[in-house]
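Engineer: Take this structure, written in structure tokens, and hold onto it; I'll ask about it next.
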Amino acid sequence: MTQSLTIRRPDDWHLHLRDGAMLAAVLPETARHFGRAIVMPNLVPPVVTGDDAAAYRTRIMAALPAGMTFEPLMTLYMTEDTDAEDVRRAAASGLVTAVKLYPAGATTNSASGVRDFDKVRGVLDVMAEIGLPLCVHGEVTDAEIDIFDREAVFIDRVLDPIRRATPGLKVVMEHITTAQAAQYVQAGDDSLAATITVQHLMLDRNDMLVGGMRPHYYCLPILKRRDHREALVKLATSGFSRTFLGTDSAPHPTHKKEAECCAAGAFTAPIALSCIAEVFEAHGALNRFEAFVSLNGPAFYGLPVSDDTLTLTKGDPLDLPTKITAGPDTVTVFDPGRPLHWSVA
Ligand code: DOR
Ligand code: ZN
């Protein structure tokens, strides 16, 4: 039986680091394990321009504790006013790795996102030309579409038309949650990839809703029914090369999660790798764990695989952290509701 796993140092292809005291609190939790992360731009106000991204990158590096190594891969928040030439410059200088598309109103801090996708045609064309990936929050926001259907409808109504109209555009379907998304990414060509979170591989909506509502499991896109989770696990553990870990670790103060109107997001960073190893082991796929967390992402983004390694060892059930402190607040760490046995050495 495998008791120790040494892999190339993993990356997180979708991460929320926030700013200020929250950034200082959560950054070490990621940098402890992950070499790089795609950093989400949904701050208030959002990271829209190259100058915004440069300033945010400086704040991230200033918050990194001495002795830790970590490379933030910056993204720009696409608005209907995004300047294609600014995107071109920010990409050419190496400052940004991707542009993020939030449909307006889809999730936390998405009010400045895109309502009319025709308005971003010019930017998408430039991105296709220069090979800059588009990271997509794939949910429609129409009030008449049920929250559990919003991802599948987005694929048909928005994503597929965008991809047909912009041949060659590299697209990452972020935090996919449905069998339809798993099917769509597999049917796509080499320009299409998908990230999957920890919680969507471990939980379904019953875990969130049966026997009482668990706010720390509430995230967007929302957890779906069990057969969707099973489709995601099958995809992740299959060795399919165009899917990789994007934790979407999204810290909120505990009081905003345990509230009448609960903020969306699960703070998974501290235990993400332990969780993923547990899932892969349960499905007899530990030999494909490294591809999912360390190899497939760099291959899609055209970046080198890490030269560093990381070792996980298997032992008694871990004592899981419950909360971290962020300025005046705490942030509750994701609890997968089952024992974890793999720890990072
Ligand atoms: O659950 C989520 N939280 N989903 C998102 O898309 C955004 C994120 C956040 O920023 O808190
Ligand atoms: Zn996110």
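Engineer: When you look at residue 125, is it open to solvent by 60 Å² or more (accessible area, probe 1.4 Å), over 30 Å from residue 280 (Cβ atoms) and free of Cβ contacts under 8 Å to residues at least 24 places away in the same chain, yes or no?
Structural biologist: no
Every residue, every condition in (1) of a type outside the set (Gly, Ala, Ser); (2) within 16 Å of ligand 1 (Cβ to nearest atom); (3) part of a helix (DSSP H, G or I), yes or no:
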position	(1), (2), (3)
122	no, no, yes
125	yes, no, yes
128	no, no, yes
132	yes, no, no
140	yes, yes, no
149	yes, no, yes
152	no, no, yes
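Engineer: Tell me whether region 41-48 contains one or more residues that are open to solvent by 30 Å² or more (accessible area, probe 1.4 Å), farther than 25 Å from residue 105 by Cβ and out of contact with any Pro (no Cβ under 9 Å at 6 or more places or on another chain).
Structural biologist: no
Engineer: Just checking, does region 224-235 include any residue being out of contact with any Leu (no Cβ under 6 Å at 6 or more places or on another chain), more than 16 Å from ligand 2 (Cβ to nearest atom) and among the acidic types (Asp, Glu)?
Structural biologist: Yes.
Engineer: May I pose another question? What pairs can you find where one residue is in region 53-74 and under 22 Å from residue 306 (Cα atoms), the other is of a type in the set (Lys, Arg) and modelled with pLDDT of 95 or more, and their Cβ atoms are less than 7 Å apart, with a gap of 6+ or different chains?
Structural biologist: 71/36; 72/57; 73/36; 74/57
Engineer: Turning to a different aspect of this structure: Quick one: which of 259, 299 is closer than 23 Å to residue 222 by Cβ and either part of a loop (DSSP other than H, G, I, E, B) or of a type in the set (A, V, I, L, M) (or both)?
Structural biologist: Just one listed residue meets the conditions, 259.
Engineer: Can you tell me which of (1) in contact with a helix residue (DSSP H, G or I) (Cβ under 7 Å, 6 or more places away or on another chain); (2) assigned to a helix (DSSP H, G or I) is the one residue 251 doesn't meet?
Structural biologist: (2)
Engineer: Considering each of 147, 155, 222 in turn, give the residue that is over 21 Å from residue 273 (Cβ atoms), touching a residue at least 12 places away in the same chain (Cβ under 8 Å), out of contact with any helix residue (DSSP H, G or I) (no Cβ under 9 Å at 6 or more places or on another chain) and among the aliphatic types (A, V, I, L, M).
Structural biologist: 147
Engineer: Additional query: Looking for whichever is more than 12 Å from ligand 1 (Cβ to nearest atom), part of a strand (DSSP E or B), in contact with a strand residue (DSSP E or B) (Cβ under 7 Å, 6 or more places away or on another chain) and more than 24 Å from residue 26 (Cβ to Cβ) here; the options are 181, 193. Which one fits?
Structural biologist: The conditions single out 193.
Engineer: All but one of (1) open to solvent by 60 Å² or more (accessible area, probe 1.4 Å); (2) over 24 Å from residue 272 (Cβ atoms); (3) within 16 Å of ligand 1 (Cβ to nearest atom); (4) in contact (Cβ under 8 Å) with a residue 40 or more places away in the chain hold for residue 109, so report the exception by its number.
Structural biologist: Evaluating residue 109 over (1) open to solvent by 60 Å² or more (accessible area, probe 1.4 Å); (2) over 24 Å from residue 272 (Cβ atoms); (3) within 16 Å of ligand 1 (Cβ to nearest atom); (4) in contact (Cβ under 8 Å) with a residue 40 or more places away in the chain leaves (2) as the failure.
Engineer: Ok, one more. When both residues are 6+ apart or on different chains and their Cβ atoms are under 7 Å apart, which pairs have a first residue that lies in region 260-280 and is within 16 Å of ligand 1 (Cβ to nearest atom), and a second that is at pLDDT below 95?
Structural biologist: What qualifies is 263/108; 264/107; 264/108; 265/108.
Engineer: Let me ask something else. From the residues in region 197-249 that are surrounded by fewer than 21 Cβ atoms within 10 Å (Cβ to Cβ) and of a type in the set (Lys, Arg), which one is farthest from ligand 1 (Cβ to nearest atom)?
Structural biologist: 234
Engineer: Residue 239: of a type outside the set (Val, Ile, Thr), touching a strand residue (DSSP E or B) at 6+ places or on another chain (Cβ under 9 Å) and not in a helix (DSSP H, G or I), yes or no?
Structural biologist: Spelling it out, it is not the case that residue 239 is of a type outside the set (Val, Ile, Thr), touching a strand residue (DSSP E or B) at 6+ places or on another chain (Cβ under 9 Å) and not in a helix (DSSP H, G or I).
Engineer: If you don't mind, another one. Might you let me know whether region 98-106 holds any residue that is surrounded by fewer than 20 Cβ atoms within 10 Å (Cβ to Cβ), free of Cβ contacts under 8 Å to residues at least 60 places away in the same chain and not in a loop (DSSP other than H, G, I, E, B)?
Structural biologist: Within region 98-106 (the criterion being surrounded by fewer than 20 Cβ atoms within 10 Å (Cβ to Cβ), free of Cβ contacts under 8 Å to residues at least 60 places away in the same chain and not in a loop (DSSP other than H, G, I, E, B)), the answer is no, since none of the residues qualifies.
Engineer: Here is a follow-up. Out of the residues in region 53-90 that are touching a Gly at 6+ places or on another chain (Cβ under 7 Å) and in a helix (DSSP H, G or I), which is most open to solvent (accessible area, probe 1.4 Å)?
Structural biologist: The extreme case among them is 89.
Engineer: Does residue 177 qualify as being modelled with pLDDT of 95 or more, crowded, with 19+ Cβ neighbours inside 10 Å, hydroxyl-bearing (Ser, Thr, Tyr) and over 25 Å from residue 124 (Cα atoms)?
Structural biologist: For residue 177, the condition - modelled with pLDDT of 95 or more, crowded, with 19+ Cβ neighbours inside 10 Å, hydroxyl-bearing (Ser, Thr, Tyr) and over 25 Å from residue 124 (Cα atoms) - is not met.
Engineer: So, in region 259-272, of the ones that are touching a helix residue (DSSP H, G or I) at 6+ places or on another chain (Cβ under 7 Å) and among the aliphatic types (A, V, I, L, M), which residue ends up farthest from residue 106 (Cα to Cα)?
Structural biologist: 272
The values are calculated or read from the model by the stated rules, or taken from the named source; none is laboratory data. Owing to the predicted nature of the structure, the values given are computational and were not obtained by experimental measurement. Note that we place each Cβ from the backbone using ideal geometry, even for glycine, and neighbour counts take in every protein chain shown. Heads up: the accessible areas ignore ligands, DNA and RNA and are worked out on the full protein's heavy atoms, side chains in. Shrake-Rupley method; radii C 1.70, N 1.55, O 1.52, S 1.80 Å.
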